[in-house]
Every structure is written in structure tokens, then in C-alpha cells.
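What follows is a single structure, and I will ask about it in a moment.
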Amino acid sequence: MKLSKITIGGIIGIVILAFWIFMAIFGSMLTPYTHVEMDLVQKMAAPSASHILGTDQLGRDIFSRIIIGSRSVLTVSVTAALFSTFLGILVGFSAGYFGGKTDEIIMRFMDILLSMPALVLAMVVVGIMEGTSILTLTLVISIVFTPRTARVARSALLTWKDLEFVDAAKIRGESHLYIMFMEIMPNALGPIIVEATARIAYSVMTVSALGFLGIGLQPPTPDWGMMVSENKSIIISAPWAVLAPTIAIASLVIGVSLLADLIQRRLINE
Amino acid sequence: MNKPILEIRDLSVEYNASEESVLALNKVNINLYPREILGIVGESGCGKSTLAYGVMNYLGKNALISGAINFGGENLLDKSDREMDHFRGNKIAIINQNPFTSLNPSLKLGKQLAEVAVFHRKMKYKDAMELSRDMLISLNLPDPDSILRRYPHEISGGMQQRICIAMGLMCQPSILIMDEPTTALDVTTEVVILDLCRNLVKQFDTAIIYISHDLGIISSISDRIAVMYRGEIAELAEKDELFSNPQHPYTKALINCIPRHGVTKDQKKLATIPGYITNRNKHDESCPFLERCKYSSSEGCINNYGMQEIIQGHWTACSKVSIAENEVILDKPEPRIIGKQDEVPLLNVENLTKIFPSRSKKYIAVDDISFHVNRNRVFGIVGESGCGKSTTALCIEGLLETNGGRIEYKGEDITKTWQKRSGNVLKEIQMVFQDPARSLNPFYTVEQIIGRPIKVLRGIKSKIDRRKIIIELLHKVGLSEQYINKKTSQMSGGERQRVAIARVFALKPDLVICDEPTSALDVSVQAAVLNLLVELQQETDEISYIFISHDLHVVNYISDFVMIMYLGKICEFGRTAEVFSPPYHPYTEALLSAVPEVGGGSKKSLIRLEGSVPVPDGTITGCHFHTRCPRKIGNICEREIPPKVNLTDTHYIHCHLPNEKLEKMESVF
């Protein structure tokens with residue numbers, strides 16, 4: 001990668017993402033508190049030397065909670081983005097490659113999923129699954145995002161499918177799987193990677209939204225969305241308790257989006 | 001000579017790309033005189049199109065232009081974009097290669113035409129419409145009123161190009177620039193457009209700059225010809241002078257590398273130009289042709305080249321005019337000696353039919369054809385786009401399912417798709433595709449591209465063994481072993497096609513289908529690829545080609561047998577010499593007479609195909625060609641399918657023409 005092609009936005013994105021990854025791994029060393037420890041003397045304390053980002057209603061250290069929260073949000077969103085991309089490639093490639101009726105059936109089914117708002121669909125699936133763990137949440141988000149990644153994968157495949165090197169592979173008797181994954185996929189990966197990166201940002205938002213609605217990760221896991229919702233009643237007296245998780249969510253989404261932009265520029269718009 | 005209407009003086013154009021700057025034009029000087037057709041010819045990347053758009057002062061923002069373009073006493077390069085609006089489309093019009101992308105698909109043709117006059121000549125819409133109608137009439141377009149009401153996709157490609165020309169002429173420009181206007185069209189349409197150009201000069205007093213990579217077209221249309229190479233004019237002369245007395249080594253090489261005057265592979269090897277065009281750097285002051293020139297010497301070519309007039313009106317950039325090696329002497333071909341080996345059939349196609357379903361109707365791409373391909377022979381298939389030649393190839397290759405008929409290879413029925421064919425059949429029947437940029441996977445290196453089929457179909461598992469074979473193959477196709485780790489994006493078109501050929505020969509095939517293997521390549525590269533194919537065949541001595549092409553010179557050069565197709569049917573079949581000489585099928589006659597001959601005089605009989613091409617949906621009765629046939633004899637052509645008429649043992653046509661008419665036909669090739 002040539003350095004001249006890296007934009008300022010891209011650098012900011014990489015820095016933000018690196019910051020959160022660092023925090024998720026080493027952040028707990030920087031704070032003496034755990035995320036559940038309650039300091040009943042210092043409830044709703046303003047940011048200070050002892051509590052960098054202040055405390056919430058129950059006197060829990062917000063900085064510690066954000067750090068622990070970053071672990072779940074990063075894990076869930078990155079895994080969900082990867083898994084939905086994987087499912088999307090499977091679905092989109094089979095639809096696009098075989099075409100005709102197969103394509104129609106698969107893609108119309110995807111359209112039905114797509115027609116429901118992501119959040120509503122996620123709520124329904126969460127409802128069916130009963131109780132949310134990191135695993136179920138990841139699965140839910142992956143399923144919700146699959147129609148979108150499938151469309152991108154399908155259109156990426158279609159740009160290459162009719163080229164003659166595919167015919168050349170056929171007339172030496174390669175299998176459909178080889179043609180799809182060894183001949184077409186390496187070339188079609190660009191837009192799929194871009195979409196996968198963008199999906200991380202969407203996952204962060206979906207995880208937080210579900211947390212805010214109380215159907216995301218359950219306590220004691222300190223989910224960022226849940227933190228916003230817990231503290232929304234004290235937004236006037238202790239605004240930091242809401243602001244800190246909000247800024248955390250926003251910065252992570254922006255950081256990942258900027259990275260996605262950079263990747264798009266590098267892989268597609270060259 | 002009279003005063004020029006356009007003077008291009010020291011025109012240089014430099015493109016600033018991200019890494020390096022490229023000199024696209026270097027000090028080009030040329031005049032255009034009134035009522036003249038100036039042909040500009042050169043291979044891709046020579047700066048022909050940059051010159052065309054430079055004249056319009058219409059180049060990208062990263063182009064640095066210097067020099068002067070004097071038109072009507074003004075220098076167009078001093079004009080702002082707003083001022084240029086007065087000239088573009090109004091005084092100077094341009095016509096592009098692809099008419100379909102030049103026309104707006106969502107506007108009716110009438111509106112698009114009228115817009116030009118409304119904008120430039122401030123006409124009322126109604127008057128402009130009237131003018132559009134008159135313009136179509138003067139360009140001989142049938143039924144102008146209905147055309148004006150149609151959308152671009154509702155008319156044929158040749159018609160679209162004529163609409164583009166009409167659009168260019170709406171303001172009666174004094175200069176018309178045509179940038180490869182017939183490259184996307186069939187030969188029989190091409191001649192009609194060329195006729196039209198000649199008439200424009202007489203009818204509208206327009207001067208034309210005609211740009212093409214095809215020497216044949218340039219030689220048939222132009223009064224004067226400029227040969228361009230790497231952004232400079234190499235040679236400039238009157239047409240006849242240029243072809244009878246070419247001076248510049250590039251001009252000579254270019255003329256020599258085209259199969260002309262019916263030359264065939266048995267008579268001579270085509271001349272080639274080694275190397276390929278590279279980008280020119282602005283600090284490079286030597287002769288642009290230096291690297292590929294066989295007469296290059298150290299000093300003269302570096303600083304002592306430049307345009308000089310050797311005879312009145314004949315300019316050349318090469319100072320070595322004394323080199324009298326005149327290879328361009330128009331050598332008359334000897335009568336062809338037909339090989340004495342036995343004809344052993346390899347592939348038998350019987351009653352092959354392929355129907356594509358389209359919305360309400362069907363499209364019969366290949367309509368019940370039978371033929372056979374013999375061992376160790378080249379079987380040419382010729383026809384215009386849509387005649388079914390590629391479909392036939394794809395059926396034989398098993399890439400398309402057939403709708404009827406039987407394909408037999410070495411006695412084995414292979415009328416099935418690739419999934420169901422045995423490894424042996426897959427290995428022995430191979431294909432070279434038209435565009436190597438599309439037929440080679442850009443993700444892999446040459447080693448992986450050639451190695452994969454060797455592993456899959458020849459079962460050679462060891463990487464080292466494969467590498468040995470690959471290196472040997474690369475040498476065979478004229479590439480060094482350094483290419484083994486390259487990806488195709490780092491190669492030129494000719495090198496890529498060599499890799500594609502190496503991939504095919506890696507399998508030691510018995511039948512190779514070549515679908516327009518040279519039409520995406522420059523002529524100098526085409527010659528090298530044709531030579532290579534011939535050599536490989538002679539070397540192995542057990543290989544047959546099915547060679548599909550729209551270029552009749554190329555087919556004549558390489559083929560032993562030729563089949564002419566029209567709308568899914570066979571018109572004529574025979575040994576090449578038999579097909580290319582009378583008696584002909586009327587369609588063959590029209591095709592042959594449409595082929596522009598390089599440097600040749602005017603053709604004796606010029607046949608123009610009028611009439612529309614019907615859609616082969618099963619409703620055509622009689623002979624498929626009857627709607628356009630210039631030799632139609634009457635109702636019988638519309639009613640009855642023409643019988644197979646055997647002219648010799650190996651030569652037959654499908655036509656109703658009586659014997660005495662066939663015998664009177666004159667040679668047109």
C-alpha cells in the first residue's frame with residue numbers, strides 16, 4: 001500500500017479503532033475498579049482524579065464500565081460482521097452463479113427479510129431465542145445482516161461471472177465450487193471486504209440499540225447502549241454518565257466507517 | 001494547394017498521471033484543407049484520439065496542451081470552455097466509435113437531433129425538427145419520420161452511426177472528426193458509412209479527419225494519410241504516394257504485417273514488428289520508433305530525426321530515406337498449392353440447432369447446420385455479428401446446450417455440456433478466446449494460469465515437473481521464462497494472448513477453437529499471433545483449428561476451408577481458394593467486395609447491401625438472405641429454402657441462382 005493513498009480520514013479511523021482495541025485488551029490495567037464495584041459515597045460523582053469519567057447512580061466507575069463494555073461490543077460486532085459476510089457469500093454466490101429460478105427464489109426470500117427494519121427483525125429473533133448471550137446476539141445480528149451482504153456478494157460475483165476465464169475453467173472441467181471460490185471470489189473480494197467493514201459499524205449501532213431497548217446483553221455485562229438507557233434519568237444532574245457511553249458508541253462507529261472508506265478507496269476506486 | 005482551414009502547429013499534449021507524466025502528442029504539425037479527407041492511422045496508444053479531442057480543445061483537466069490550433073484566424077487553444085461552445089458541435093463536430101454510447105437512450109432520436117440546432121443555431125424546435133428530417137433524407141435514411149419517433153435501441157448499429165453523423169452535420173460544420181466510426185460495425189455496414197463520408201465532402205463541403213487503426217479503411221477513404229506513432233506523425237503523404245513509396249520504417253512495417261492481396265500461410269510468413277508501444281516520457285528526444293526499428297543506428301535516430309519533405313507533399317520523419325529496401329512491392333500471390341494429404345474427418349457436426357429464448361419470441365442463433373472439420377486443417381468460419389459463428393463454437397466446446405443435432409468427435413458423440421464430458425474430450429478440444437484480458441484470470445500468475453490445466457487434465461502433480469513444461473511452452477510462444485511469475489495486468493495485449501495460447505497448447509489438444517483471437521489486438525501483434533498459430537500447427541502436425549473471424553484477409557491467410565454463415569445458416573462452404581474466387585454465394589460476394597484493400601486500387605464491383613436484417617425467430621421463409629440479396633431472382637427466394645448446390649467436390653453454396661449466372665460472376669477479392 002502506498003502511503004500517499006492513505007487519507008487523513010483513514011488515519012483518524014485507524015487511530016480510533018486501534019484505541020478501542022487497545023482499551024479492550026489492556027484498559028482494565030489502567031483502572032483500580034471493577035465494572036460492578038459500587039462506591040456508595042461517590043454516587044453520580046463528576047469526573048475527577050479518582051474517577052476519570054465520573055460515576056453513575058449506583059456509584060460505579062464509568063471508565064471501568066466503558067472498558068469492559070468495549071470488549072463485548074467489539075467481539076459481537078466484528079464476529080457478526082464476519083459471520084454475516086460468510087453467510088452472504090454463500091447465499092449470494094449460489095444465487096448469482098446458478099442464476100435463473102435458484103436466483104429468483106433465494107433473492108426474493110432475502111428481499112422479504114430486507115423489507116423488515118433491521119431492529120424490528122432483531123427484536124423478533126431475540127424474542128424467539130429467549131435470553132441474550134454474546135453468542136445469540138452475534139447470531140441474531142448476522143442473520144439480520146445476511147440479506148445485505150448477500151446482495152453485495154451476488155453483484156460482485158456477477159461482474160466477473162460472464163468473463164471468459166470462467167468459461168476457460170469450465171472447459172477444463174473444474175467443479176462449480178472451484179469456479180466460484182477459486183476463480184471468481186479472489187477477484188470479487190474488494191466490494192465484499194468493504195461491505196464487511198461497513199457491517200462492523202452497523203453492528204455496533206445495532207448492539208447498542210438493542211442494549212438501549214433492554215433486549216441486548218443482560219446485566220451485569222456493561223453494554224454501552226444499556227448504560228445510556230440506565231442513566232438517562234440523571235442526564236441533567238450527571239450528564240457524563242450518558243455522554244461517555246454515547247461518545248464511545250459514536251467514536252467507534254465513525255472510526256470503523258472511516259476505515260471502510262479508506263478500504264473502499266484502495267480496493268475499488270483505484 | 002489552397003489555403004488550409006485548420007492548421008495544427010507544434011501541438012503537444014502531456015498527461016499528468018499520478019506517478020509519471022506521459023507525452024501523448026509531441027509537436028504535431030498538420031494542415032487540413034477544405035473538402036479533404038485526411039486519414040490518421042496508427043496502432044492503439046499512438047495519440048490518434050488525443051489529437052481528435054485536442055483539436056476540439058476538449059481534453060481532461062490533467063492534460064497540458066501547448067502549441068496552436070488555428071481555425072478561421074483564431075487559435076482554439078486560447079479559448080475558454082464557454083467560447084469553445086461556439087465551435088464544438090457547431091463548426092467542428094466529432095463522431096465517436098460507439099454510436100450506442102453517444103446517443104442518449106432515453107430520448108427520442110428526433111429530439112436529440114433537433115436539440116443540436118436549437119442550441120447552436122437558436123432555431124425554433126419545430127424548425128429544428130424539420131431540419132432533422134431533411135438531414136435524414138439527405139443521408140438516405142429510409143423512412144425518416146418513423147426514425148425520428150424512435151429510441152436509439154430500436155434501430156440498428158449502422159443506422160445509429162448514421163444518426164450520429166446526421167447530428168454532427170446539423171450545424172453544417174466545416175470540419176468533421178470521425179474517430180473510428182466503423183470499428184463497432186460490420187463490414188457490409190462499414191462500406192455504407194464510408195460511401196456516406198465520401199458524399200458528405202461533395203454535398204456539404206465538409207473536410208473530414210478520419211481516424212482509424214485499420215489501414216484498409218484509411219486507404220479506401222482518405223485523400224491524404226498521416227501515419228502516427230507514439231504521439232508523433234511518422235509519415236504524411238497523398239494516399240497513392242504513401243502506399244507506392246513508403247519511406248518511414250514504421251509505415252513499411254505496418255503495411256507489411258497485414259495479410260493483403262490474398263496472401264496465404266503457404267506463401268509467406270507475415271512480417272511483424274517486435275516489441276510494443278510504450279509510454280513516452282517528455283525528456284525522451286530520440287525517434288519514437290527507435291526501440292522497434294530494425295534500421296536503428298546510434299546517432300541519427302536520437303537527435304537527427306524530424307519531418308522533412310522528400311517529394312512535394314510527402315513528409316517523413318525518418319532521415320534514412322536512402323534505405324531502398326522496398327519490401328512493400330506488391331507481390332502477386334502464386335496460385336495456391338493444396339496439400340496432398342488425405343482428408344481425415346475429426347469433428348462431425350450434423351443438424352446443429354441452437355435457440356435462445358427471448359421474451360415472446362425465440363431467437364434461432366444456429367439453424368440446422370451440418371459440417372465437418374478435418375484433421376490437421378484450419379477451418380475458418382466467417383460472418384457478420386449475429387450470424388451464429390460464436391454460438392457454433394460454444395456448442396462444440398460444450399459451453400452451451402444444443403437444441404438439436406449431433407456433434408461427433410473422433411466418432412464419439414459429444415453432444416453434451418462440459419459437465420458431462422470426459423476428461424479426455426475436454427483436454428483435446430481447447431479454445432482461444434477473443435480478448436485475453438478477459439480470458440485470463442487477473443488474480444493469478446502465469447505459472448498458475450498455465451499450470452492449473454496441466455494439473456487437472458494431464459494429471460501432472462509435481463510442481464517442478466509442471467514448471468518445466470510451462471517454461472518450455474513460454475519459449476515456444478516467444479516469451480522468456482521471467483514471465484512465469486508475472487500477472488496478466490503487467491503485460492501487453494499481445495503478451496497476454498501468447499499466454500492464452502500457451503495455456504491451450506499445454507494440453508496438447510487436437511482441436512483448437514479460436515474465436516476472433518486477433519481482433520482485440522493491434523495489427524503488428526496480430527501478425528505475430530497468426531504466425532505463432534501457423535507454426536504451432538506445423539510443428540505438431542496433428543492439430544486442427546476452427547478459426548472464427550470477421551476479417552476476411554485473416555481468414556484467407558490462415559484457413560484451408562472456409563464456411564460463410566448468415567443468420568444461423570451456412571451460405572457457402574469450400575476450400576479457401578474456392579470460396580474466395582467466383583462463383584460466389586451472393587452474400588460472400590457482398591462480403592468480399594466490402595473488404596477494404598490496403599493500397600489497392602478501386603474495386604471493380606462494389607456491392608452495397610440495403611434492406612433490413614430480419615430477426616431469425618423462425619418466421620423467415622425461404623432464403624435467410626433474401627431481404628438484402630442484390631441478386632435476388634424472384635419469389636422463389638422468399639418461398640423456398642435454397643438447395644445445396646455442389647460446385648466441386650469440396651465446394652457448395654445454398655442458393656437458387658441458376659448455373660449460367662453463377663458462371664458469369666467476376667472476381668471481387
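Looking at B:F547 and the list (1) more than 14 Å from chain A (Cβ to nearest Cβ); (2) crowded, with 19+ Cβ neighbours inside 10 Å; (3) modelled with pLDDT of 85 or more; (4) over 21 Å from B:M563 (Cα atoms), which single condition is not satisfied?
(4)
Could you check the range B:409-435 and list, in sequence order, the residues that are facing chain A (nearest Cβ under 10 Å) and either in contact with a Pro (Cβ under 8 Å, 6 or more places away or on another chain) or under 10 Å from B:E397 (Cβ atoms) (or both)?
B:T417, B:W418, B:R421, B:L426, B:K427, B:I429, B:Q430, B:M431, B:V432, B:F433, B:Q434, listed by residue number.
Can you tell me which of B:A500, B:A527 is touching a helix residue (DSSP H, G or I) at 6+ places or on another chain (Cβ under 6 Å), crowded, with 24+ Cβ neighbours inside 10 Å and under 30 Å from B:G42 (Cβ atoms)?
Matching residue, one of B:A500, B:A527: B:A500.
Of the residues that sit in the range B:377-408 and are surrounded by 19 or more Cβ atoms within 10 Å (Cβ to Cβ) and acidic (D, E), which one is farthest from the other protein chains (Cβ to nearest Cβ)?
Among residues in the range B:377-408 that are surrounded by 19 or more Cβ atoms within 10 Å (Cβ to Cβ) and acidic (D, E), the one farthest from the other protein chains (Cβ to nearest Cβ) is B:E384.
Follow-up question, since we're still on this one. Of everything in the range B:506-524, what is under 24 Å from B:T183 (Cα atoms) and not aliphatic (A, V, I, L, M)? Give them in sequence order.
Answer for the range B:506-524, where residues must be under 24 Å from B:T183 (Cα atoms) and not aliphatic (A, V, I, L, M): B:C514, B:D515, B:E516, B:P517, B:T518, B:S519, B:D522, B:S524.
Among the residues of the range A:211-225, write down those that are surrounded by fewer than 24 Cβ atoms within 10 Å (Cβ to Cβ) and in contact (Cβ under 8 Å) with a residue 12 or more places away in the chain.
Within the range A:211-225, A:F212, A:L213, A:G214, A:I215, A:L217, A:Q218, A:P220, A:T221 qualify.
Right, here's the next one. Would you pick out the residues in the range B:378-389 that are farther than 14 Å from B:C571 by Cβ and either part of a strand (DSSP E or B) or at pLDDT 90 or above (or both)?
Within the range B:378-389, B:V378, B:F379 qualify.
State which residue is nearest to the other protein chains (Cβ to nearest Cβ) when the search covers only the range B:448-477 and only residues that are surrounded by 12 or more Cβ atoms within 10 Å (Cβ to Cβ) and assigned to a loop (DSSP other than H, G, I, E, B).
B:I460
Report, by residue number, each residue of the range B:7-43 that is of a type in the set (S, T, N, Q) and either part of a strand (DSSP E or B) or touching a Gly at 6+ places or on another chain (Cβ under 8 Å) (or both).
Passing the criteria: B:S12, B:N16, B:S21, B:N26, B:N29, B:N31.
Now, a different point. Of (1) surrounded by fewer than 21 Cβ atoms within 10 Å (Cβ to Cβ); (2) among the aliphatic types (A, V, I, L, M); (3) within 13 Å of another protein chain (Cβ to nearest Cβ), B:I513 satisfies all except one. Which?
(1)
OK, next. If I go through the range B:436-447 residue by residue, how many of them are in a loop (DSSP other than H, G, I, E, B) and either within 7 Å of chain A (Cβ to nearest Cβ) or touching a residue at least 60 places away in the same chain (Cβ under 8 Å) (or both)?
Selection size over the range B:436-447: 4.
Can you list residue pairs whose Cβ atoms sit under 7 Å apart, with the first residue in the range A:167-195 being farther than 30 Å from A:V256 by Cβ and the second being crowded, with 17+ Cβ neighbours inside 10 Å and among the polar types (S, T, N, Q)? Count only pairs 6 or more apart in sequence or on different chains.
Taking only residues 6 or more apart or on different chains, the pairs are A:A168/B:S439; A:E183/B:N441.
For the range A:103-181, give me every one of the helices (runs of 4 or more DSSP H) that falls completely inside it and has 3 or more residues that are within 14 Å of chain B (Cβ to nearest Cβ).
Output list reads A:134-161, A:164-170.
Does the range B:483-492 include one or more residues that are in contact with a Lys or Arg (Cβ under 6 Å, 6 or more places away or on another chain) and surrounded by 21 or more Cβ atoms within 10 Å (Cβ to Cβ)?
So far as the range B:483-492 goes, yes, one or more of its residues are in contact with a Lys or Arg (Cβ under 6 Å, 6 or more places away or on another chain) and surrounded by 21 or more Cβ atoms within 10 Å (Cβ to Cβ).
Residue by residue, here is whether (1) modelled with pLDDT under 85; (2) out of contact with any helix residue (DSSP H, G or I) (no Cβ under 9 Å at 6 or more places or on another chain); (3) basic (K, R) holds:
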{"position": "B:S212", "(1), (2), (3)": "no, no, no"}
{"position": "B:V227", "(1), (2), (3)": "no, no, no"}
{"position": "B:A234", "(1), (2), (3)": "no, no, no"}
{"position": "B:E238", "(1), (2), (3)": "no, yes, no"}
{"position": "B:G262", "(1), (2), (3)": "yes, no, no"}
{"position": "B:K265", "(1), (2), (3)": "yes, no, yes"}
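Here's something else I'd like to know. Only one of B:L662, B:L609, B:L592 is part of a helix (DSSP H, G or I) and either free of Cβ contacts under 8 Å to residues at least 40 places away in the same chain or under 30 Å from B:V41 (Cβ atoms) (or both). Can you tell me which?
Sole residue among the options that is part of a helix (DSSP H, G or I) and either free of Cβ contacts under 8 Å to residues at least 40 places away in the same chain or under 30 Å from B:V41 (Cβ atoms) (or both): B:L592.
Would you pick out the residues in the range B:84-102 that are of a type in the set (F, W, Y) and crowded, with 19+ Cβ neighbours inside 10 Å?
Residue satisfying the conditions is B:F87 alone.
In the list B:N96, B:N140, which residue meets the criterion of being out of contact with any strand residue (DSSP E or B) (no Cβ under 7 Å at 6 or more places or on another chain) and of a type outside the set (S, T, Y)?
After applying the criteria, what remains is B:N140.
Going by the structure shown, is A:A80 small (G, A, S), on the phi < 0 side of the Ramachandran plot and surrounded by fewer than 22 Cβ atoms within 10 Å (Cβ to Cβ)?
So A:A80 fails the test.
The values are calculated or read from the model by the stated rules, or taken from the named source; none is laboratory data. As the structure is a prediction and not an experimental result, all values here were calculated from the model. When we count neighbours, we look across all protein chains shown, and the Cβ atoms used for this are built from the backbone with ideal geometry, even at glycine.
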